[in-house]
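Just so it is clear, none of the values below were taken in a lab; they were calculated from the coordinates. Please read all numbers here as calculations on a predicted model, not as lab measurements.
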Amino acid sequence: MTDIDVTVRRASDADAPALAGLRWRRATQERGYQGDNLDEFVATLGDWMRGHPEHRAFVAEAAGEVVGMAWLAVLDRVPTANKYARRGGDVQSVFVVPELRDRRVGALLMSAVLDEARRLELEHVTVHSSRRAVPFYERNGWRHDPELLGWAAEA
């Protein structure tokens, strides 16, 4: 497939409905969620975004529509004896509408997120990926780290 004309930018509060729509689409079309409270979710996500400025959302636009998103959660880390200000990041909720996948939209989003991580001088950035998306992250410069461990609560 060919590349398309895509613009990636930092999201604003005005993008909350589009971001909520993408998250809703992922939940309903890819994860089987069958709720009917989209309007409530749009309001909730907007409120959440305003209350969590450490989560930076980025959007991809094509033909005037938001077609993808990626979030960078920035977190303070415990100071060390020689470095008092430390921060890391976590990439979250990366999603591109299925009809535009494999057309570099995700790569453009990831580039913007990692540019922000560099600008903020984050020590490291992590991502919890689906198995299907691992090759995407590897193509975009991510590597496995045997020292990075994870824990998840039992469902």
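Side notes on the structure shown:
- The amide H of VAL67, built 1.01 Å from its N in the peptide plane, has ALA60, GLU61, ALA62 as neighbours under 5 Å, considering only residues 5 or more places off or on other chains.
- Full extension of the chain segment joining LEU38 with GLU65 gains 7.9 nm, where the gain is 0.36 nm per residue of separation less the Cα-Cα distance.
- Answer label, with semi-axes √(5λ) of the Cα gyration tensor in Å calculated from the coordinates and candidates (i) 30, 20, 15; (ii) 24, 17, 16; (iii) 26, 19, 17: (iii)
- Phi-based couplings in Hz for segment 55-66 (Karplus 6.51, -1.76, 1.60; Gly and Pro marked x): 9, 9, 9, 10, 10, 10, 10, 9, 6, x, 10, 6
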